[in-house]
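The values are calculated or read from the model by the stated rules, or taken from the named source; none is laboratory data. Keep in mind that what you see is a predicted model, and the values were worked out from it rather than measured. Backbone-built Cβ (ideal geometry, glycine too); neighbour counts: all protein chains shown. Surface areas here come from the heavy atoms of the whole protein model, side chains and all, with no ligands, DNA or RNA. Shrake-Rupley method; radii C 1.70, N 1.55, O 1.52, S 1.80 Å.
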Amino acid sequence: MSRIYWTPLHTKLHKTLRQRPLLSPKAKVLVAVSGGQDSLCLGKLLLDLRSKWHWQIAIAHCDHQWSTDRGIAERVRQVAQSWKLPFYLKQAGILPETEAAARNWRYQALVEIAEAEGFTYIVTGHTKSDRAETLLYNLIRGAGADGLTALTWKRDLTTDVALVRPILEVYRHETLEFCQQFDLPVWFDVVNESDRFARNRIRRELIPYLQKGFNPQVENSLAQTAEILRSDVEFLETSAQKLLQDALDNNRLDRPCLQSAPLALQRRAIRQFLPSVMSRQPNFAQIEAVVNLISAPNKSRTSTLSGGIVAEVSGQWIVFYSK
């Protein structure tokens, strides 16, 4: 069978990059390749589009050094060699076999490569299917709008390095078909088949159930919801940041200023502020405890904050101090 050198996915990605300010022409782009179908598809697409965008592309692989990962790093190295691209490898030390630990280490490792080698962008192969699954995963966990839009097109990892997900309009079945067209050496991760991970059960059981019983296009509908919410979240975050600037005075919060704003902005402003006094991200209960102080009687207080921090009403102010 003759190879297809320009496919609908090439056209789709090229159109996406022209419509969205994701990757600048001539930029240094580090492609995170796990060895699975999505990242291999993305790497091949960017390689083929390079002549139009004049990027400097390299491949990076993060080896968790789990028993299920044996041989994958070498296979990705061989792919990079066949594409005539630079290859960078990061190997973990002792890493817990959990999704969160693996994800956090990977981003840290990729940033280290990007900063050391001068890459402006790190790109990953997250798809529309991933976006739908992430929305369901976070919805089940009780996340707010921010959690439901966790997979965004682009976000800053550092002041100099941005994370970009260029194929969020592509389904997982499309990346598999693309890899098959180009005979790409896809590695099928056995971890993705394990039912002990909630995301796998969502992918293997919940999504097919929703497709069969409720909406055959549920992945598209969920991804569309995430995209709509993303714009709303950006607007609310910007408005809350302005509210916080107006209300903040020497680590005190002006209650009348906060009272003039809707509850949604109060919550977001408090959430933006609390890490500066707690040195960690607040949970919902901590945010609500401080929000309740906006209209509470004088001398009301809460001790639910982390690090021994107390928030207390003092006249028009909410003040924060250590126990």
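Summing charges over all other residues whose Cβ lies under 15 Å from the Cβ of Trp105, with Lys and Arg as +1 and Asp and Glu as -1, gives -2.
Which percent, to the nearest 5, of DSSP beta bridges fully inside the chain are antiparallel? If we restrict to bridges inside the chain, about 50 percent are antiparallel.
With viscosity set to 0.692 mPa s and temperature to 37 °C, compute the Stokes-Einstein D of segment 207-292, Rh being the Kirkwood radius across alpha carbon pairs; µm²/s, no decimals. Roughly 219 µm²/s, to the nearest whole number. Probing with 1.4 Å while keeping every protein chain in the model, the per residue accessible area of segment 111-202 equals 44 Å². The relative contact order of the chain comes to 14 percent, based on Cα pairs under 8 Å that sit 6 or more residues apart.
Based on the convex hull around the alpha carbon atoms, segment 34-180 presents an average projected area of 9.7 nm².
Here the scattering of segment 28-87 is modelled by Debye summation over its C-alpha atoms, one equal scatterer each and no solvent; at q = 0.14, 0.20, 0.27, 0.30 Å⁻¹ the log10 of I(q)/I(0) is -0.37, -0.70, -1.16, -1.36. Extending 7 Å from the Cα toward the beta-carbon at both Trp66 and Gln211 defines two label points whose distance is 2.4 nm. For the set His126, His10, His173, solvent exposure ranked by accessible area (probe 1.4 Å, protein chains only) runs largest to smallest as His173, His126, His10.
Where the accessible area of segment 195-323 is counted over protein heavy atoms with a 1.4 Å probe, how much of it, in %, is carbon and sulfur?
50
If you bin all the Cα-Cα distances of segment 108-190 at 5 Å, starting from zero, the percentages per bin are 3, 13, 17, 17, 19, 19, 10, 2, 0.
Which distance in Å, rounded to a whole number, links the C-alpha centroids of segment 102-175 and segment 1-57? Between the Cα centres of segment 102-175 and segment 1-57 lies a distance of 16 Å. Computed from the C-alpha gyration tensor, the three semi-axes of the ellipsoid equivalent to the chain are 42, 21, 20 Å, from longest to shortest. Each listed q (0.17, 0.20, 0.25, 0.31 Å⁻¹) maps to a log10 I(q)/I(0) for segment 150-203 from the Debye sum over equal C-alpha point scatterers, namely -0.85, -1.00, -1.02, -1.07. Distance between the 7 Å Cα→Cβ label points at Asn292 and Ser221: 3.7 nm.
Rounded to the nearest 0.05, the FRET efficiency derived from the C-beta distance between Arg252 and Arg201 at R0 = 56 Å is 0.75. In this view, the solvent-accessible surface of Lys52, computed with a 1.4 Å probe and all protein chains in place, comes to about 110 Å².
Accessible area per residue for segment 1-96 in Å², computed with a 1.4 Å probe and the full protein assembly in place, what is it?
Result: 53 Å² per residue.
Across the cross-link table entries Lys242/Lys299; Lys15/Lys212; Lys242/Lys323; Lys12/Lys154, which are compared at the Cα atoms, the separations over 24 Å belong to Lys242/Lys299; Lys15/Lys212; Lys242/Lys323. Compactness of segment 167-323 is given as radius of gyration and Dmax, 22.9, 70 Å, from Cα positions.
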